[in-house]
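Each remark here refers to the structure printed beneath this line.
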Amino acid sequence: MPVDKVQMSRRGFLGLGVAAGVVTLTACGSGSASSSGPLVMTVWGGDADRKTYQKRIDLLVKKYPELKVKLQLIPSDSYPQKVQTMIAGGSGPDIMQVAESVNTYSSKNQLLPLDDLAEKAGLDTGKRFGPVGSIYTYEDKLYAIPDRSGAITVYYNKDLYEKKGIKAPTAEWTWDDALDAFKELTVPGKQWGYTGAEWFPQWWSLAYQNGGTIIDADGRPAVDSDEVVEALQWAGDLVYKHKVAPSKADYADMGSEVGGDQAFPMQKCATHANGFWVTAGLTDATFAWDIAPIWRGKKQAVSAFGSGLAISRTCKQRDNAFKAIDFLTSDAAQRQIIDDGEDVPASLAVQQSEAFLKPAWMKTDVNMGAFAESSDFIFRAPFIPEWNEMTAAIDAGLADFWLGKESAKKALTALQKDLESIIKSAG
């Protein structure tokens with residue numbers, strides 16, 4: 001994922017953000033978490049995230065004046081270690097933001113199962129969030145309620161597409177349709193049809209579209225399957241065989257900090273598939289652009305980015321904590337997420353609302369409905385307890401492949417053994 005690795009730090013694959021330091025805000029009262037003190041809620045993010053979370057907490061407190069909440073922002077690089085240390089010391093947060101590391105916590109008995117609390121509150125996660133409603137589960141128990149969830153969508157340069165007479169991308173495009181368009185849109189050495197699929201959420205989407213999986217239903221690695229090999233090779237061929245996506249050297253020629261998120265607004269690439277944050281760099285674009293759902297393979301499947309809200313085992317106000325989570329993930333509070341342009345709310349109703357489809361801050365008319373459409377085919381990511389070890393092995397194991405030095409088959413055969421070792425030793 002080197003080309004757009006910076007975006008992993010900004011949003012993450014259903015997780016991890018960036019903060020410059022630790023900031024503590026109090027929304028009514030102060031003190032440590034106890035049966036009478038404020039609920040402590042830990043999240044990661046920057047100043048914009050801080051402001052949006054605080055606005056949502058203010059709405060919560062306005063509706064439930066008896067609830068007191070203290071918001072803590074923790075740097076993303078130290079977030080997992082910090083909250084685990086807090087929990088181990090008996091002073092864990094009451095409410096905590098989680099993402100791909102959710103089962104690192106749940107497997108260590110650090111999170112409270114939420115099934116009973118959700119049933120008691122009448123919260124139907126499937127109805128409120130669609131397929132994403134069950135994404136934060138472990139061993140058939142629910143450990144977090146979705147809060148933010150935006151699928152990878154396709155950003156495309158309408159001017160360049162129209163100039164070539166190419167119709168807009170749709171969810172019914174096949175891999176062949178996409179490749180044909182990329183070839184038409186490529187001007188050797190000057191302009192590329194697509195930014196590429198090197199970041200794992202991008203090529204994982206292709207793998208799942210092709211009927212593959214990273215971890216199978218029995219919890220075993222499955223990256224050496226024919227389906228995954230074919231998908232990864234297709235992604236690599238975009239760069240080295242068809243030359244419709246930039247290589248590392250091509251990106252370097254554009255500038256030392258340029259990746260796909262920067263190359264697209266520079267009009268170096270006509271098509272870019274990534275998360276909601278891409279819109280932030282396009283609000284002042286001088287060219288016409290739009291958004292579409294990602295194309296399909298044998299079936300429709302796409303990665304998503306976001307996070308959920310969980311309750312730590314050390315929480316002494318479990319009913320109040322869930323009451324807060326239920327409200328923060330409700331339509332009323334979720335709307336603030338898009339009003340501030342922070343992210344995609346997990347609530348399907350908000351994604352389908354006028355507030356999301358035509359946000360006040362958007363300066364041009366784009367198809368924001370692509371996010372809600374994409375929510376129907378978000379695949380369930382393998383949030384195994386060994387997530388960090390797994391993704392580190394994937395980065396290392398595919399480094400030569402993304403340099404064009406070896407085939408997908410060779411790289412994934414070796415990676416399969418590495419992942420088997422990681423998951424076997426962890427088990």
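The values are calculated or read from the model by the stated rules, or taken from the named source; none is laboratory data. Keep in mind it's a predicted model, so treat the numbers as computed, not measured. Note that we place each Cβ from the backbone using ideal geometry, even for glycine, and neighbour counts take in every protein chain shown. Just the protein is used for accessible areas: all its heavy atoms, side chains included, with ligands, DNA and RNA removed. Shrake-Rupley method; radii C 1.70, N 1.55, O 1.52, S 1.80 Å.
Inside region 178-190, can you point out the residues that are open to solvent by less than 60 Å² (accessible area, probe 1.4 Å) and either assigned to a helix (DSSP H, G or I) or within 13 Å of Leu206 (Cα to Cα) (or both)?
Across region 178-190, the qualifying residues are Ala178, Leu179, Ala181, Phe182, Leu185.
If you take the residues of region 273-284 that are among the polar types (S, T, N, Q) and not in a helix (DSSP H, G or I), which of them is least open to solvent (accessible area, probe 1.4 Å)?
Applying the first criterion (among the polar types (S, T, N, Q)) to region 273-284 yields 274, 279, 283.
Checking the rest, the ones that are also not in a helix (DSSP H, G or I) come to 274, 283.
Values: Asn274: 0, Thr283: 38 Å².
Here the answer is Asn274.
Can you spot a residue in region 356-363 that is in contact with a strand residue (DSSP E or B) (Cβ under 8 Å, 6 or more places away or on another chain), closer than 15 Å to Thr153 by Cβ and either of a type in the set (Lys, Arg) or surrounded by 14 or more Cβ atoms within 10 Å (Cβ to Cβ) (or both)?
If we filter region 356-363 for residues that are in contact with a strand residue (DSSP E or B) (Cβ under 8 Å, 6 or more places away or on another chain), which is where we start, we get 356.
Next cut, closer than 15 Å to Thr153 by Cβ only: 356.
Within this subset, residues satisfying the condition of being either of a type in the set (Lys, Arg) or surrounded by 14 or more Cβ atoms within 10 Å (Cβ to Cβ) (or both) are 356.
Among the residues of region 356-363, at least one is in contact with a strand residue (DSSP E or B) (Cβ under 8 Å, 6 or more places away or on another chain), closer than 15 Å to Thr153 by Cβ and either of a type in the set (Lys, Arg) or surrounded by 14 or more Cβ atoms within 10 Å (Cβ to Cβ) (or both), which makes the answer yes.
If the requirement is being surrounded by 24 or more Cβ atoms within 10 Å (Cβ to Cβ) and of a type in the set (Phe, Trp, Tyr), which of these qualifies: Phe327, Phe287, Phe305?
On the way: Phe327 fails: surrounded by 24 or more Cβ atoms within 10 Å (Cβ to Cβ); Phe287 fails: surrounded by 24 or more Cβ atoms within 10 Å (Cβ to Cβ).
The unique qualifying residue is Phe305.
Any idea which residue in region 61-77 is surrounded by the fewest Cβ atoms within 10 Å (Cβ to Cβ), counting only those that are outside any helix (DSSP H, G or I) and among the β-branched types (Val, Ile, Thr)?
Within region 61-77, the first condition is being outside any helix (DSSP H, G or I), and the residues that meet it are 64-77.
Those still in the list that are among the β-branched types (Val, Ile, Thr) too: 69, 74.
Details: Val69: 27, Ile74: 24.
Among those residues, the one meeting the criterion is Ile74.
Which of (1) touching a strand residue (DSSP E or B) at 6+ places or on another chain (Cβ under 8 Å); (2) more than 28 Å from Thr279 (Cβ to Cβ) is the odd one out, the single condition Phe379 does not satisfy?
All conditions pass for Phe379, except number (2).
Suppose we filter region 232-254 for residues that are of a type outside the set (Asp, Glu) and in a helix (DSSP H, G or I); how many remain? Lay out the reasoning, then the answer.
Quick first cut of region 232-254, residues of a type outside the set (Asp, Glu) only: 232-236, 238-249, 251-252, 254.
After this cut, where a residue has to be in a helix (DSSP H, G or I) as well, the list is 232-236, 238-240, 248-249, 251-252, 254.
Matching residues across region 232-254 total 13.
Considering every residue within region 126-134, establish whether at least one is more than 15 Å from Arg380 (Cα to Cα) and either among the hydroxyl-bearing types (Ser, Thr, Tyr) or not assigned by the TED database to the domain that holds Ala168 (or both). Step through it out loud before you land on a result.
Let us first name the residues in region 126-134 that are more than 15 Å from Arg380 (Cα to Cα), namely 127-128.
Checking which are either among the hydroxyl-bearing types (Ser, Thr, Tyr) or not assigned by the TED database to the domain that holds Ala168 (or both) leaves us with 127-128.
Looking for residues that are more than 15 Å from Arg380 (Cα to Cα) and either among the hydroxyl-bearing types (Ser, Thr, Tyr) or not assigned by the TED database to the domain that holds Ala168 (or both), one finds at least one in region 126-134, hence yes.
Name the residues in region 84-125 that are closer than 18 Å to Ile384 by Cα and either in contact with a Leu (Cβ under 7 Å, 6 or more places away or on another chain) or not assigned by the TED database to the domain that holds Ala310 (or both), would you?
Gln97, Ala99, Glu100, Tyr105, Pro113
Report yes if Val229 is assigned to a helix (DSSP H, G or I), open to solvent by 10 Å² or more (accessible area, probe 1.4 Å) and within 13 Å of Gly260 (Cβ to Cβ), otherwise no.
Numbers: assigned to a helix (DSSP H, G or I): yes; open to solvent by 10 Å² or more (accessible area, probe 1.4 Å): yes; within 13 Å of Gly260 (Cβ to Cβ): no.
Criteria not met by Val229.
Checking the condition surrounded by fewer than 23 Cβ atoms within 10 Å (Cβ to Cβ) and touching a helix residue (DSSP H, G or I) at 6+ places or on another chain (Cβ under 6 Å), which residue from Ile166, Ile215 passes? Before the answer, list the steps.
Numbers: Ile215 fails: touching a helix residue (DSSP H, G or I) at 6+ places or on another chain (Cβ under 6 Å).
Result of the check over Ile166, Ile215: Ile166.
For region 390-413, which residues satisfy the criterion of being assigned to a helix (DSSP H, G or I) and crowded, with 18+ Cβ neighbours inside 10 Å? Write out each step before concluding.
We begin by selecting, within region 390-413, every residue assigned to a helix (DSSP H, G or I); these are 390-397, 401-403, 408-413.
Those that are assigned to a helix (DSSP H, G or I) and crowded, with 18+ Cβ neighbours inside 10 Å: Met390, Ala393, Ile394, Gly397, Phe401, Trp402, Ala408, Ala411, Leu412.
Being more than 17 Å from Ser134 (Cα to Cα) and either outside the structural domain of Gly46 (by the TED database) or in contact with a strand residue (DSSP E or B) (Cβ under 7 Å, 6 or more places away or on another chain) (or both), is that true of even one residue in region 304-311? Spell out the reasoning first.
Taking region 304-311 first, the residues more than 17 Å from Ser134 (Cα to Cα) are none.
Checking region 304-311: not a single residue is more than 17 Å from Ser134 (Cα to Cα) and either outside the structural domain of Gly46 (by the TED database) or in contact with a strand residue (DSSP E or B) (Cβ under 7 Å, 6 or more places away or on another chain) (or both).
Starting from residues that are in contact (Cβ under 8 Å) with a residue 40 or more places away in the chain and surrounded by fewer than 19 Cβ atoms within 10 Å (Cβ to Cβ), keep the ones in region 374-389 and report whichever is farthest from Gly211 (Cα to Cα). Give the derivation first.
The initial filter retains those residues of region 374-389 that are in contact (Cβ under 8 Å) with a residue 40 or more places away in the chain, namely 374-388.
Now restrict to residues that are surrounded by fewer than 19 Cβ atoms within 10 Å (Cβ to Cβ): 376, 380, 382, 388.
Numbers: Asp376: 17, Arg380: 13, Pro382: 15, Asn388: 24 Å.
Per the criteria, the residue is Asn388.
Starting from region 120-147, take each residue that is within 19 Å of Pro345 (Cα to Cα) and touching a residue at least 40 places away in the same chain (Cβ under 8 Å) and list its partners that are of a type in the set (D, E, K, R) and open to solvent by 20 Å² or more (accessible area, probe 1.4 Å), counting only C-beta distances under 7 angstrom and pairs at least six apart or across chains.
Leu123/Asp326; Gly130/Asp376; Ile135/Arg380
For region 249-272, which residues satisfy the criterion of being open to solvent by 40 Å² or more (accessible area, probe 1.4 Å) and closer than 15 Å to Pro188 by Cα?
Residues of region 249-272 open to solvent by 40 Å² or more (accessible area, probe 1.4 Å): 249-250, 252-253, 256-257, 262, 265-268.
Passing the criteria: Ala249, Asp250, Asp253, Gln267, Lys268.
Can you tell me how many residues in region 30-60 are assigned to a loop (DSSP other than H, G, I, E, B) and at pLDDT 90 or above?
Of region 30-60, the ones assigned to a loop (DSSP other than H, G, I, E, B) are 30-38, 44-46.
With at pLDDT 90 or above added as a condition, the list becomes 38, 44.
Of the residues in region 30-60, 2 are assigned to a loop (DSSP other than H, G, I, E, B) and at pLDDT 90 or above.
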